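What follows is a short report on a single structure.
Nothing in this text is a laboratory measurement; each read-out follows from the coordinates by a stated rule. All of these numbers come straight from a predicted model, not from anything done at the bench. Glycine also receives a Cβ, built like all others from the backbone with ideal geometry; neighbour counts cover every protein chain displayed.
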Amino acid sequence: MKVNIQIDPALSEEYVEFHVRAITNEISKYASIIEKSDRVITGIDQFDRITIVDPNEIVAVHADKKWCRIYTNNADFSCRKRLFELEEDLGPDFMRISKSIVVNIRKIESVEAVFNGMMLLHMRNGSKEYVSRLYLPELKAYLGL
């Protein structure tokens, strides 16, 4: 794929234009990233303060009934958004590994095969997350297995 950037100081607002033969998953992913690049992730900390959470710091997000729990290296936060909404906002560095968990694939330290065809992810912050069989093919494709 070729990239062409034109600088025009007279523009009042930046925009991105794609010239493609057909809309593919890759093109849709890039368009989604660009459209959502200005979204902010917020969470409520243990002192009930609303905190802006840097997506690069997020290790995993767990869904629990009405709330989601955002885990970073140093803290965890509550969030009222649904898991699918956070997953959309977080972008391509995040992958769903079960019905209720999304992980930052850049924070995976190692992967271990466990019973019943499942896999266990060892995250860089020391936590462990199980990948359900339903979501395993996407992870294997990402890892090149």
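Note on Ser100 and Arg124: their simple-model spin labels are 2.7 nm apart, each label 7 Å out from Cα toward Cβ. Remark: segment 96-109, residue by residue, has Karplus-estimated 3J(HN,Hα) of 6, 10, 7, 4, 10, 9, 10, 10, 7, 5, 6, 9, 7, 8 Hz, where x stands for each Gly or Pro and the curve is 6.51 cos²θ - 1.76 cosθ + 1.60 at θ = phi - 60°.
Relative to the Cα centre, the charge distribution of the chain, modelled as +1 at Lys and Arg Cβ and -1 at Asp and Glu Cβ, gives a dipole magnitude of about 680 debye. Applying 0.36 nm per residue to the separation of Ala22 and Glu85 and subtracting their alpha-carbon distance, the gain on full extension is 20.0 nm. Packing around the peptides 137-144, 119-126, 90-97, taken as the average count of other Cβ atoms within 10 Å per residue, puts them in this order, highest first: 90-97, 119-126, 137-144. Cross-link partners for Lys2 among the aspartates and glutamates, with Cα-Cα distance under 15 Å and sequence neighbours closer than 8 places in the same chain left out: Glu17, Glu26. The helix-based estimate of mean residue ellipticity at 222 nm for the chain, built from -39,500 (n - 2.57) per DSSP H run of four or more residues and divided by its residue count, is -5500 deg cm²/dmol to the nearest 500. Protection proxy ranking, highest mean first, for peptides 74-84, 46-56, 98-108: 98-108, 74-84, 46-56, where packing is the per-residue count of other beta-carbon atoms within 10 Å, averaged. In this calculation the C-beta distance from Glu13 to Val114 is compared with R0 = 35 Å, giving a FRET efficiency of 0.10. Annotation: amide H-H contacts under 5 Å for Asn73 (H modelled 1.01 Å from N, sequence separation of 5 or more, or interchain): Val59. Taking the chain as a Gaussian network, Cα atoms linked when under 10 Å apart, which of Ser28, Ser12, Ser110 shows the biggest mean-square fluctuation? Highest fluctuation among the options: Ser12.
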